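Only the coordinates and a few stated rules stand behind these numbers; no lab work does. Keep in mind it's a predicted model, so treat the numbers as computed, not measured. Because the Cβ atoms are built from the backbone with ideal geometry, glycine has one as well, and the counts that use them run over all protein chains shown.
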Amino acid sequence: MTKFKAEIDVMPKKEILDPQGKAVSGSMKNLGLSEIDNVRIGKHISLEIEAENAETAHQKVEQACKSLLANLIMESYSIEISAV
């Protein structure tokens with residue numbers, strides 16, 4: 001078994017309103033940063049997993065995302081796996 005690190009980004013889907021991102025976008029203008037727009041705010045999850053290979057680790061993390069870490073109705077996610 002090998003230990004892998006998974007980096008997961010969970011973001012609201014583009015068609016879903018992101019009130020937190022909208023508030024930050026508005027604040028950018030107040031800070032004189034009007035060139036920054038369309039801010040989207042999500043979450044980053046980092047975890048370690050033991051698996052036989054990177055493909056198996058990715059499958060297990062994918063299962064965790066679909067079951068627990070992301071709300072698939074409102075969010076999308078991306079996964080990066082690397083050896084520890």
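A compact table of results
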read-out: Debye, to nearest 20: dipole size of segment 2-83, +1 on Lys, Arg Cβ, -1 on Asp, Glu Cβ; value: 320
read-out: Counted charge near I79, where neighbours are those whose Cβ lies closer than 14 Å (Asp, Glu -1; Lys, Arg +1); value: -3
read-out: Read-out Cα extents along the principal axes in Å, derived from the coordinates shown; its label in (1) 52, 27, 13; (2) 36, 29, 20; (3) 75, 34, 24; value: (1)
read-out: Rounded to 10°, Cα long-axis angle of helix 54-64 versus longest principal axis of the chain; value: 60
read-out: Dipole of the chain, positive end: most advanced residue of P12, S76, A54 [Cβ charges, Cα centre]; value: P12
read-out: Order of T56, T2 under a 10 Å beta carbon neighbour criterion, fewest first; value: T2, T56
read-out: Exposed GluC sites (Glu not before Pro) absent - longest run of the chain, DSSP non-H/G/I/E/B, at most 13 other C-beta within 10 Å; value: 53-84
read-out: Pairwise centroid distance, computed over Cα atoms, of segment 32-84 with segment 1-28, Å; value: 9
read-out: Cα-based Lys pair tally, the chain, threshold under 19 Å, eight or more apart or on separate chains; value: 12
read-out: Between helix 19-30 and the chain: long-axis angle, C-alpha atoms, 0 to 90°, nearest 10; value: 50
read-out: Over the chain, relative contact order from alpha-carbon pairs under 8 Å, at least 6 apart, %; value: 51
read-out: Estimated 222 nm signal from helices in the chain, with DSSP H stretches of n ≥ 4 weighted -39500 (n - 2.57), rounded to 500; value: -8500 deg cm²/dmol
